[in-house]
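Read the figures in this text as sums done on the coordinates, not as results from a lab. Please read these numbers as outputs of a predicted model, since none were measured by experiment. All Cβ positions, even for glycine, are placed from backbone atoms using ideal geometry, and neighbour counts span all protein chains on display.
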Amino acid sequence: MSRDRKAQVRTCVSCRSNKDKSELIRVVRRPDRTVGLDETMREPGRGAYICKDVDCLAKAKKRGTLKRSLAVELDEEMYERLERAVGKTG
């Protein structure tokens with residue numbers, strides 16, 4: 001007897017749309033307060049999800065929704081890493 005798994009739905013911090021977890025990029029603030037991309041989607045720490053869309057990322061940067069959600073300042077290098085990640089997938 002197999003169990004059907006429910007889709008893991010998360011909300012984008014920028015556009016507030018609900019999507020399957022696999023359709024989003026997770027940014028994590030680790031317990032040591034460093035910030036990085038969580039490619040495994042399982043890293044410990046406070047996570048925030050963002051769409052794999054350049055416009056959504058630009059909106060999040062302008063409004064500061066990622067840094068507010070993670071309660072930490074994000075440097076320009078982190079936004080560049082996010083842009084590269086979005087470019088690879090989108």
| query | Residue farthest toward the positive end of the dipole of the chain, with Cβ of Lys/Arg at +1 and Asp/Glu at -1: which of VAL35, VAL72, GLY47? | reply | GLY47
| Helix 54-63: angle to the longest alpha-carbon principal axis of the chain, degrees 0 to 90, nearest 10? | 60 degrees
| field | 16 Å cut-off, amide nitrogen to a point 7 angstrom out along ALA7 Cα→Cβ, residues in the range 40-73 | value | 51-52
| field | For the chain, calculated [θ]222 nm from helices alone, where every DSSP H run of n ≥ 4 adds -39500 (n - 2.57) | value | -10000 deg cm²/dmol
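Nearest-5 percent of antiparallel DSSP beta bridges in the range 3-90? If you can, show how the numbers build up before the last one.
Values: 12 of 13 bridges.
If I count the DSSP bridges inside the range 3-90, around 90 percent turn out antiparallel.
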| request: Provide, in order from the shortest bin, the percent of all Cα-Cα pairs of the range 9-89 in each 5 Å bin, continuing until the bin that contains the maximum pair distance. | output: 3, 17, 30, 30, 16, 3, 0
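Which order do the peptides 8-15, 72-79 come out in when sorted by mean C-beta neighbours inside 10 angstrom, highest first?
Values: 8-15: 17.0, 72-79: 12.6.
For the peptides 8-15, 72-79, the packing ranking is 8-15, 72-79.
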